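What follows is calculated from the coordinates using simple rules that are stated; it is not laboratory data. What you see is a predicted model, and the numbers here were worked out from it, not measured in a lab. We place every Cβ from the backbone using ideal geometry, glycine too, and count neighbours over all the protein chains shown.
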Amino acid sequence: MATVAIKEVTKEYVLDKTKVQALRGVSLQVEEGEFVTIAGSSGSGKSTLLNLIGCLDHPTSGQIFIGDTQVHTMTEKQLDSLRLNTIGFIFQSFNLIPVLNVYENIELPLLAMKGVSAEERRSRVNYFMEAVGLKALAKHKPSELSGGQRQRVAIARALATKPKLVLADEPTANLDSKTGIEIIELMHEISRREKTTFIFSTHDPKVMQRADRIFYLQDGVINKEEKR
């Protein structure tokens, strides 16, 4: 079964009196453990598509499945549970809590998960801090970290809930070239080890070079699919 399946999805916005078609009948399928990129220039619909897959927005028409779940039919409470337990998010702006240290930022989503004991939380946080190479910085606040280190915290936080799917919106946009490559290679390694599905929105060639498949978006339509 596919981790994500999208069928003829459209998304329209109304700006003033103008109707904007951000997506125009997009269909795609992503399998378990794939490392996939949605590529395209600014305004092509990448972030819109990622937001729909992440259940942060609703399609105007079409169907979206996460596993065998039709997300477009779910209530907001059900969507909250799906986002918490099934989907991890990595943002280009990191979205870390400034007053929390590395350990606490990674632990934060686990505190909202029922059935995860304090011992299990400690185990997961320590495991993923080690996985991203930040165990020695556990007590550091975000302001004491480099951009690359903050992105590593964001990756560990996204993975700590053990999601089936991780969505990353331009994860290398605020990083220098060398750090960006290190971050992508880290996520690629974790994808293989944990069998986690990763979907990126990007126009960064470094990310695209490491993808299993690339979906090229232009004017809200997938005009090309490339297997690496």
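Quick notes on this structure:
- The ranking of Leu96, Leu145 by Cβ neighbour count inside 10 Å, starting from the fewest, reads Leu145, Leu96.
- With the convex hull constructed from alpha-carbon coordinates only, the stretch 1-62 shows a mean projected area of 4.6 nm² over all directions.
- Normalised convex hull volume, the stretch 4-227, alpha-carbon set, Å³ per residue: 131 Å³
- The stretch 4-227: antiparallel DSSP beta bridges as a percent of all, rounded to 5: 55 percent
- Restricting attention to the stretch 130-211, the count of lysine pairs at 8 or more positions apart or across chains with alpha carbons under 25 Å apart stands at 12.
- Cβ-Cβ FRET estimate between Lys19 and Glu226, R0 fixed at 25 Å, reported to 0.05: 0.20
- Here the gap between Asn95 and Asp80, fully extended at 0.36 nm per residue and compared with their Cα-Cα distance, gives a gain of 3.6 nm.
- Residues Val4, Val116 arranged by fewest to most Cβ contacts within 10 Å: Val116, Val4
- Stretch gain in nm, segment Glu130-Lys7, where the contour uses 0.36 nm per residue and the Cα spacing is subtracted: 40.4 nm
- Cα lying deepest toward the dipole's positive end in the stretch 1-138, options Cys55, Ser41, Val30, charges on Cβ: Ser41
- Across the stretch 115-178, the convex hull enclosing all Cα atoms gives 108 Å³ per residue.
- Seen from Asn95, the other residues with C-beta closer than 10 Å to its C-beta sum to a net charge of +2, counting Lys and Arg as +1 and Asp and Glu as -1.
- Expressed per residue, the C-alpha convex hull volume of the stretch 130-228 stands at 113 Å³.
- Adding -39500 (n - 2.57) for every DSSP H run of four residues or longer, then dividing by how many residues the chain holds, sets the calculated 222 nm ellipticity at -10500 deg cm²/dmol.
- Residues Arg122 and Glu194, FRET efficiency given R0 of 22 Å [Cβ-Cβ distance, rounded to 0.05]: 0.70
- A protection proxy built from the mean count of other Cβ atoms within 10 Å ranks the segments 17-30, 168-181, most packed first, as 168-181, 17-30.
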